[in-house]
1. Taking Leu80 and the conditions (1) open to solvent by less than 70 Å² (accessible area, probe 1.4 Å); (2) farther than 17 Å from Arg19 by Cα; (3) modelled with pLDDT of 95 or more; (4) touching a helix residue (DSSP H, G or I) at 6+ places or on another chain (Cβ under 9 Å), which numbered condition does it fall short on, given that it satisfies the others?
2. Do you know which of the residues in the stretch 22-34 that are open to solvent by less than 70 Å² (accessible area, probe 1.4 Å) and farther than 14 Å from Leu69 by Cα is modelled with the lowest pLDDT?
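The values are calculated or read from the model by the stated rules, or taken from the named source; none is laboratory data. Because the structure is a prediction, the values reported are computed rather than measured. All Cβ positions, glycine included, derive from the backbone under ideal geometry; neighbour counts span all protein chains shown. When the accessible area is computed, the model is the full protein with side chains, heavy atoms only, and any ligands, DNA or RNA have been set aside. Shrake-Rupley method; radii C 1.70, N 1.55, O 1.52, S 1.80 Å.
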Amino acid sequence: MDERFNFGEVIEGLKQGKRFERHGWNGKGMYLRLVNPHNDHMFSVNDNHAEADGTPQPFIAMKTADGALVPWLASQTDMLAEDWRLVR
């Protein structure tokens, strides 16, 4: 049986670069990861626009079943769940 995590443990794991999914998510390959625009190879920060556009901050993103990476917000159910799994 896979080890299960609560949301607090997920947040700490995301900060360490780990990826997590919920048991029962319908889409194959869906997971959460932390995106830090300052050091993430998938994103680049153009310092010339930082003042005009605001300073990019880290955020939690979801890799969707169709391969997109989108910003994600936790629901009450997600925050109280204890069925989170580490993606290996």
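1. (1)
2. If we filter the stretch 22-34 for residues that are open to solvent by less than 70 Å² (accessible area, probe 1.4 Å), which is where we start, we get 22, 24-25, 27, 29-34.
From what is left, the residues that are farther than 14 Å from Leu69 by Cα are 22, 24-25.
Values: Arg22: 95, Gly24: 84, Trp25: 87.
Per the criteria, the residue is Gly24.
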